[in-house]
1. Select from the stretch 72-103 those trypsin sites (Lys or Arg not before Pro) which occupy a DSSP coil region and have at most 13 other Cβ atoms within 10 Å, ordered by residue number.
2. What is the percent of Cα-Cα separations in the chain that go past 41 Å?
3. Relative contact order for the stretch 81-231: what is it in percent, counting Cα pairs under 8 Å that are at least 6 residues apart?
4. Assigning unit charges at the beta carbon (Lys, Arg +1; Asp, Glu -1) and nothing else, what dipole magnitude in debye, to the nearest 20, does the stretch 22-224 show about its Cα centre?
5. Based on Cβ point charges of +1 for Lys and Arg and -1 for Asp and Glu, what charge dipole magnitude is obtained for the chain about its Cα centre, in debye rounded to the nearest 20?
6. What does the charge count near A30 come to, summing +1 for each Lys or Arg and -1 for each Asp or Glu among other residues with Cβ under 14 Å from its Cβ?
7. Which of V323, I96, L248 sits closest to the plus end of the dipole of the chain, meaning its Cα is farthest towards the positive end, when Lys and Arg get +1 and Asp and Glu get -1 on the C-beta?
8. Which number gives the lysine pairs in the chain that have C-alpha atoms under 17 Å apart and are eight or more places apart or on different chains?
Amino acid sequence: MATYLIRHTRSLSGEVELCTAKNAVLPLLAAGLLTQEPLVIKDVPQITDVDILLSILRDCGAEVVRNGNDVSVCALHPQSPRHEENMRKLRASILILGPILARCGSACVGLPGGCAIGQRPIDLHLKGFQSLGAQIWPVGGKRQLSGQLTGGHIYLDLPSVGATENLMMASVLAKGVTVLENAAKEPEIVDLAQCLNRMGANISGAGTGTITISGVERLHGAVYHPIPDRIEAGTLLCAAAITEGSVLIRGACAEHLRSLLFKLAETGVGIRETHVGIRLNGSAVTPFDVRTLAYPGFPTDMQAPMTVVALRCHGSSMIHETVFENRFMHIAELSRLGAHIRVEGNVALVEGGHTLKGGQVRSTDLRAGAALMLAGLLAEGETILNDPAGHIERGYQNLPEKLRILGADIERLEDHPV
Ligand code: UD1
């Protein structure tokens, strides 16, 4: 449970440093199950999703040690998790399935949970494991998988990030060559492949639609530093764009943020890429149309923060969500602040330029929570943001603190929930 008091903030200025990417760190930690030697992941963010995954890894028999910012995972004798509860708390919990199956020849896991932004099935993961030779059957609400994996040719019906990661991890120890077609191309996939290769895997093509994995006997330990969080960078850039911003996001990688940077530039803000990060100046004025897509398209995780940018612009913007079927929950909350937004199917029509008035809103998922925090900066007066499930802290380390460093007026009212 967290409650935030957010006051209207005219301008943001200064600089902040990014964390490593949540969506890179979670699969990297799961990859620790693939070897009996320690895998050390550097600069792991202090967020609840990481804590939950670390509990699951311990439950899988791994020795997990957090030493300052670094986390070491050592899985001498991995096994399926005994407790289903943590699996339900986190979508990325499913990423332990590929490694356990590859290491042990069998796995039994509960179905994953996570943000309620759509159905989020795991059919593509399971179909892929079957193509690698696994047998699958349901056992008391869980899925039992069994089989010594052999390389196969897999075509993903959708370029699913999680399925690409899971199948890549399963096939590094499979006998023979696996080809993954229509694979996801996200930077986090490339990061995982790089780490696996450093552990002795033989993966090529990560970052393209076709990934080839030649199985090896075993992997060894490694020390790996993940990429910066492009979604945290994007959220902070959106915060700057809805105020009169002059900010430097240190560590932000422009190459990972191309679609967002072009879209923000369309709104009229100045974007400058420097060797230390990305600088944004000015505020969003010109409305825009955007469609979420798999990478390198516009990230669905930036859709909610970008909706708040559209509210700052003068005129009509159109936001088309094509990745998840239930990702407009922030819109009902934004309407409480006076936002003019009409939803038709998977399109949100945003009429920007109307003054928002502070009020009480509730976070429904991770990125919706971040978007509502930004909306509180834009709204006149005071906004109370209730985050009963602690969504924001699941995925952002110190988001309010970072915004405060830039001049935002935000307090966390943990001891006095409103
Ligand atoms: C990852 C990210 C999440 C991001 C999403 C899309 C992590 C930990 N999370 O989630 O922040 O929003 O990518 O960029 O990296 N699908 C199926 N069947 C499957 C798998 C997926 O139909 O077996 C569908 C999903 O319902 C969704 C689409 O494919 O509509 C994309 O999902 P996917 O890329 O798998 O997202 P995640 O890996 O869960």
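Only the coordinates and a few stated rules stand behind these numbers; no lab work does. On a predicted model such as this, the values are computed, not experimentally measured, just so you know. A quick note on method: Cβ atoms are made from the backbone with ideal geometry, for glycine too, and the neighbour counts reach across all protein chains shown.
1. Those satisfying the criteria are R82.
2. Of all Cα-Cα distances in the chain, 15 percent exceed 41 Å.
3. 19 percent
4. 300 debye
5. Magnitude of the dipole: close to 440 debye.
6. -1
7. I96
8. 6
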